[in-house]
Amino acid sequence: MTHPEPGQRDWRPWLVLAMTLAAYANAFQGAYQFDDYRVIVDNPAAASVAAWWRDLPGIRPLLKLSYAVTGRLAPETRLFALHATNVALHAINAILLLTVLRQLGAGRRVADAALIAALLFA
């Protein structure tokens with residue numbers, strides 16, 4: 001795996017983060033869509049962490065926990081927080097993909113391929 005020179009930071013994760021934010025910048029203005037009303041807005045388990053806890057076990061508990069945490073916010077900030085959380089999680093996953101792919105191989109070509117794969121995922 002290619003590493004930055006001593007004293008230098010690796011710029012690739014920052015590029016993946018920046019491209020993810022750029023790709024989803026318009027998501028922050030979005031409205032609830034499709035099943036969001038059933039799964040988030042009208043779902044009692046998404047209203048609070050206590051309600052989420054009572055709803056366990058269930059499917060996708062960590063996703064529902066993120067809804068419950070943001071469910072405590074005021075309605076005018078809740079939708080933005082939901083979008084911000086989703087974009088942040090997606091960026092983290094893209095950076096993790098970059099890291100895992102770079103760990104699987106060695107050399108500049110693998111690092112370049114890992115970066116391209118992470119950017120496509122993002």
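The values are calculated or read from the model by the stated rules, or taken from the named source; none is laboratory data. These numbers were taken from a predicted model, which means no experiment stands behind them. Neighbour counts run over all protein chains shown; Cβ positions are idealised from the backbone, glycine included. Please note that ligands, DNA and RNA were not included when accessible areas were found on the heavy atoms of the full protein model with its side chains. Shrake-Rupley method; radii C 1.70, N 1.55, O 1.52, S 1.80 Å.
Applying a threshold of 9 Å to beta carbon distances and a minimum spacing of six or more residues, or different chains, the list of pairs starting in the range 26-51 at a residue that is within 17 Å of ALA74 (Cβ to Cβ) and ending at one that is of a type in the set (S, T, N, Q) and surrounded by 15 or more Cβ atoms within 10 Å (Cβ to Cβ) reads ILE40/THR70; ALA46/THR70.
Somewhere in the range 50-57, is a residue within 21 Å of VAL87 (Cβ to Cβ) and assigned to a helix (DSSP H, G or I)?
Taking the range 50-57 first, the residues within 21 Å of VAL87 (Cβ to Cβ) are none.
No, the range 50-57 has no match at all.
Criterion first (in a loop (DSSP other than H, G, I, E, B), modelled with pLDDT of 85 or more and either open to solvent by 40 Å² or more (accessible area, probe 1.4 Å) or within 19 Å of ALA122 (Cβ to Cβ) (or both)) does PHE34 satisfy it?
Values: in a loop (DSSP other than H, G, I, E, B): yes; modelled with pLDDT of 85 or more: yes; either open to solvent by 40 Å² or more (accessible area, probe 1.4 Å) or within 19 Å of ALA122 (Cβ to Cβ) (or both): yes.
Taking the combined requirement at face value, the residue satisfies it.
Identify all residues within the range 37-55 that are in contact with a helix residue (DSSP H, G or I) (Cβ under 9 Å, 6 or more places away or on another chain) and exposed (fewer than 11 other Cβ atoms within 10 Å of the Cβ); write none if there are none. Result: ALA50, ARG54. Only residues that are free of Cβ contacts under 8 Å to residues at least 40 places away in the same chain and under 9 Å from the mean Cα position of the chain (by Cα) were counted in the range 78-122, giving 5.
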